[in-house]
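None of the figures in this text is laboratory data; all of them are computed from the coordinates on show. The structure displayed is predicted, hence computed values, not measured ones. Counting neighbours? That spans all protein chains shown, and the Cβs are built from the backbone with ideal geometry, glycine included.
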Amino acid sequence: MARYEGAGDLASALAEADREELAETIASAGLYNQKSETLIRVAGRVREEYGSAEGFDDFVREAEYGAVRDALLDMKGVGPKTADCVLLFAGGRGGVFPVDTHVHRIYRRLGIAPPDADHEEVRAVLERDVPAEKCGFGHTASIQFGREYCSARNPACLEDPEACPMADLCEQVGVYPATGEVVDPAEASADGSERAELELGRSGESEAVAAIAEDVHDASAELDAESADLIRRGSNGQVHGVVSVFGLGECDAHARRRE
Ligand code: SF4
């Protein structure tokens, strides 16, 4: 990108870029044809509405939070996650927790957000409970955690309950170690044991149900007092637990700042 950044105003340089050349420049990012078209279109709009890349940067940093987010979302090719990343990382706004596919999955599996929450609802829960200054690290740490432990198809706890550092705080919504099944939390029943029973087509206390009941009993017995207390205190307690496990420090919703 140096060739564009060194050519004066970045917005003008990108707005006038040759699309194929730009696509080649960003090829390592994937979806480069689509992204090159979006970059040229958005750069043209930035130049037209804000005068320059610098003018747009000032707007992102200084204008009212809601106005900036609306303006970003109004740009074709910019979705909520991208808008929130711009607000957080380029705009330096505290209290913004971008929700990508990893974040959306993890916090519904943990039971912190409702199982059927969409991206915006998960974002609202996290921005309510995670300290403003920890949202950026929370976002990147969650993505890493999703890749290394709580992946979409093969969460670490599926075969080994001890393999995940969050296991003692997690409701494993949509994850069924007894059957090896993983579904989106929105498709999970309220009670995992009920689902296992239905899927096995058995009535009464099937082997799977008995195994789950035994696991739950064992897990409860092993919970240390502090973890048990976190869980008893409900979702806000869980957020405190997540914050602690990710090394994010004390959770204080009142520290949240938008500006
Ligand atoms: S215990 Fe399983 S479902 Fe819960 S966070 Fe860990 S890997 Fe994900």
Can you find a residue that is near the ligand (Cβ under 9 Å from one of its atoms), in a helix (DSSP H, G or I) and surrounded by 17 or more Cβ atoms within 10 Å (Cβ to Cβ) anywhere in region 169-186?
yes
Conditions: (1) among the hydrophobic types (A, V, I, L, M, F, W, C); (2) more than 10 Å from the ligand (Cβ to nearest atom); (3) touching a Phe, Trp or Tyr at 6+ places or on another chain (Cβ under 6 Å). Ala132 meets all but one. Number of the miss?
(3)
Within region 26-41, can one find any residue that is in a helix (DSSP H, G or I) and in contact with a Phe, Trp or Tyr (Cβ under 6 Å, 6 or more places away or on another chain)?
no
Mind checking which residues of region 153-168 are near the ligand (Cβ under 10 Å from one of its atoms) and within 15 Å of Arg105 (Cβ to Cβ)?
Asn154, Pro155, Ala156, Cys157, Leu158, Cys164, Met166
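Yes/no matrix, rows are residues, columns are (1) within 16 Å of the ligand (Cβ to nearest atom); (2) more than 30 Å from Val175 (Cβ to Cβ); (3) not aromatic (Phe, Trp, Tyr):
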residue: Gly44; (1), (2), (3): no, yes, yes
residue: Val68; (1), (2), (3): no, yes, yes
residue: Cys85; (1), (2), (3): no, no, yes
residue: Val96; (1), (2), (3): no, no, yes
residue: Arg105; (1), (2), (3): yes, no, yes
